[in-house]
Each structure stands twice: as structure tokens, then as C-alpha cells.
């Protein structure tokens, strides 16, 4: 008798694989009706409820000459996806391929062996290729959020991105991809920091230092700052709601805030709404600039020093 324990081990499995494990067609149908299994595509099933990643795996398994790409590949690599999740699996097939893949968004482009890795046994574009493809086809913020995270985690190097960009020279959207890659900075520690940096640039505000370490006059480390403007003596902190979900973390952050204020550093904070409301972000930062200017004009000494974090960006081309 077939049980959930003797299902195939793969995330997505075919009817034939289930039969090999002792499952009959009627048993599969009952499991789907009861919610224990999900029918992902014709003759393909999954244990978990269907989601964009499972859909992409199923689509790629059904079409061996394809590779999961762009937004679906971002999910496969465990990178943050800014913007809506793909409504359809996104796959790359070679330009000479014929026909359509039902229920999938198909990108036709050349794929070298070095452009593809296997994840759960399924071909997925490499992180470098995924970031370049996002730069060519997706909004700037989507590409930068994923690219920043990949650089920050050490999953890709600037050299790999530059090489992939060069290989794709002359492809549709490559100029957009080049601009997106030039906007990357692996010092960003969250998607909110990434989109805040882009919003600050769009507003024409001075470019901040990223992840500068603030120290007391005696050299004791107080904490790392998301953004810092030395000209004004201002720190900017991009606070996502999940950042302080635990009481101990919240208490530690309050203590850090008090230490920064003791140093007479002007601080401004914002959440997710600010980068999407330019006037709000602009007002917060400019008000902090004014507080810093008044402090300096009043002759109040700055009681801190800064230790800068080297950029993790692509060299200017």
C-alpha cells in the first residue's frame, strides 16, 4: 500500500516515478483531492502546496533543454526578489528551439555550460547570468536587490559579473544590464538598504558612505551605520519591520541609539514606505542635514570617529 513516506524524494516528481514507488493513479488522485499532494503540471506532482519555485522546477523538468532563469532563478538561488513573484515559470531556451512551453514565460538566449548549475537536479542559470539577465529584462530595483545580496553573501564576484556581461555583449537590454551592474554595492545588508540607496540617488542627494563603523573618541566601537554623510555628521538607518522582531534585539538597538545620540550624531530613520514616497525620504534626510548643520554651527564638537568599509562594487568601465 502506498503511503506518503514512500513518495519519490525529488521536490517535483512524475506519475511514472510515483508508480515506481507503489502509487496507483487512483491513490495519486485521492492525495491531490485531500490536499496531501499538489498537481503542478500534467503528470507532475509535489508534496508542498504549489508556489512559483515548485512551478519552475516542474516546468524545467518537463522540458530538459530549458533552464530556470530571471525571477524564477532568483527564488531558486534563495536571493531576495523585489517586486511581484513570477505568475508563470521563467525559462531560458536556446534561440533555435521551437514551439512554446505551456504555462511558462520563455526567454530565448544562448546558454553556455558555464551559465547553468543544477539545483535539486534542475538546470538553473548561474547567479552571475541571473543578475545580468535581470538587468536586461527586469526593473532596476529588482536587479539591484538580488545583485547586492549575491555580492554581500559572497555568492558571486565582480569579476564573474563583468565576464558574464562581456559574454552577453550586443544582446537586447545589455545597456540596461550594464547600468544595473554599475549600481550594485555588496555592502548593502538588506533589500530596504538597496532600494533606499537608489532612491537617495534619484533624489539628487549626496551619496552616503555605506556600512561605516562609528567609534567613540577613545576608539570603542558603537555600531555600523547603514548610511553616513560626513559632511553633515548624519547617520541614516533603514529599518525594516522584521529587523527588530525579538525583544532582545529591540533592546540592544535602543541601547545603540542612545549611544549614538550621546555622541551628538544626527540620526534619521525610515521604513519601507519612505523609498516609495520620495518626498518623505527627501524630507527626513534633509531635516537631518539641517540638524547636523546647526550642531556644527553652534560649535558642538563631534564626539565620534568613523571607520570606513571598502566598497564592494564593480569597477567603472
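Quick note: the coordinates plus some simple rules give every number you see, no bench work behind them. For clarity, every value in this text was computed on a predicted model and none was experimentally measured. As a convention, Cβ positions derive from the backbone with ideal geometry for all residues, glycine included, and neighbour counts pool all protein chains shown.
At R0 = 30 Å, how high is the FRET efficiency between residue 308 and residue 279 if r is their beta carbon distance? Nearest 0.05 is fine.
E(calc), rounded to 0.05, equals 0.50.
Using only Cα atoms, tell me the angle between helix 140-152 and the longest principal axis of the chain; keep it within 0 to 90° and round to the nearest 10.
80
If I model a spin label as a point 7 Å beyond the Cα along the Cα-Cβ vector, how far apart are those points for residue 217 and residue 174 in nm?
The modelled label-to-label distance comes out at 5.7 nm.
Can you quote the Å³ per residue value for the convex hull of the Cα atoms in the stretch 52-182, rounded to an integer?
So the per-residue Cα hull volume is 96 Å³.
Against the empirical 2.2 N^0.38 Å scaling, what ratio does the C-alpha Rg of the chain come to?
1.24
Antiparallel as a % of all DSSP beta bridges within the chain, to the nearest 5?
The answer is about 70 percent antiparallel.
Report the FRET efficiency, 1/(1 + (r/R0)^6), for residue 257 and residue 296, where r is their Cβ-Cβ distance and R0 is 30 Å, rounded to 0.05.
0.90
On each of the three principal axes of the Cα atoms of the stretch 193-240, give max minus min coordinate, whole Å, ordered largest first.
Computed over the Cα atoms, the extents are 37, 25, 11 Å.
Using a 10 Å cut-off around each Cβ, can you sort 90, 261 from fewest to most neighbouring Cβ atoms?
In increasing order of surrounding Cβ atoms, one gets 261, 90.
With axes computed from alpha carbons, what is the tilt in degrees of helix 158-167 against the longest principal axis of the chain, rounded to the nearest 10 within 0 to 90?
50
Obtain the nm distance between the two label points defined at residue 85 and residue 159 by a simple spin-label model: each point lies 7 Å from its Cα along the Cα-to-C-beta direction.
3.7
Past the 26 angstrom mark, what percentage of all C-alpha to C-alpha distances in the stretch 191-307 do you count?
The proportion of pairs with Cα distances above 26 Å equals 18 percent.
In nm, to one decimal, how far is the residue 316 label point from the residue 32 one, both placed 7 Å along Cα→Cβ?
5.8
Would you mind checking the tilt of helix 25-34 against the longest principal axis of the Cα atoms of the chain, expressed as 0 to 90 degrees and rounded to 10?
30
For residue 96 and residue 167, what is the calculated FRET efficiency with R₀ set at 25 Å and r taken between the beta-carbons, to the nearest 0.05?
With R0 = 25 Å, the Cβ-Cβ based efficiency is 0.85.
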